[in-house]
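First comes the structure, then the notes that go with it.
The numbers here are math on the coordinates, done by the rules we state, and not lab data. None of the values given here were measured: they were computed from a predicted structure. Using ideal geometry, Cβ is built from the backbone for each residue, glycine included, and neighbour counts are taken over all protein chains shown.
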Amino acid sequence: MNTPFDPAAVVAEFIDAVSPYDPHPDDDPVAMIGVRTALGEGVFAVSDHVVRAMCKALAAYRDPEDRGVCVGCGGRHLDENLHCRDCGRLHGILGQVIAQHAARVAAAEAAQDPL
Ligand SMILES: [Zn+2]
């Protein structure tokens, strides 16, 4: 996943993959997409069909680290166990079971040992 890749080449490949399905291939381009990195650069004149496909692809992307928002603190850094790195809250079924168990233990202790 961390091997270097050329973003301009990736954009060119995306355009090549989507362009054959453009229902109006003879229409003028509606946007210019420019990409320049240390590995390469390119400027692409793209059709309405292609720019819409790019926007859909970008809108559909979710970061692999994106596991939602913590209901406790609103933080966005839940680890793979749905454990909030910001406030420590556990999410998901396991987190709910642990929270309910802790509440029962606390209630039982309070009943046995009222202050
Ligand atoms: Zn949190």
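Observations on the structure shown:
- Residues of the stretch 52-108 that are of a type in the set (Gly, Ala, Ser), part of a helix (DSSP H, G or I) and more than 30 Å from residue 11 (Cβ to Cβ): 92, 95, 99, 102, 103, 106, 107, 108.
- Among residues of the stretch 1-46, those that are exposed (fewer than 11 other Cβ atoms within 10 Å of the Cβ) and more than 26 Å from the chain's Cα centre (by Cα), counted: 7
- Within the stretch 85-101, the residues that satisfy the criterion of being without any contact (Cβ under 8 Å) to a residue 12 or more places away in the chain and more than 15 Å from the ligand (Cβ to nearest atom) are 93, 97, 100, 101.
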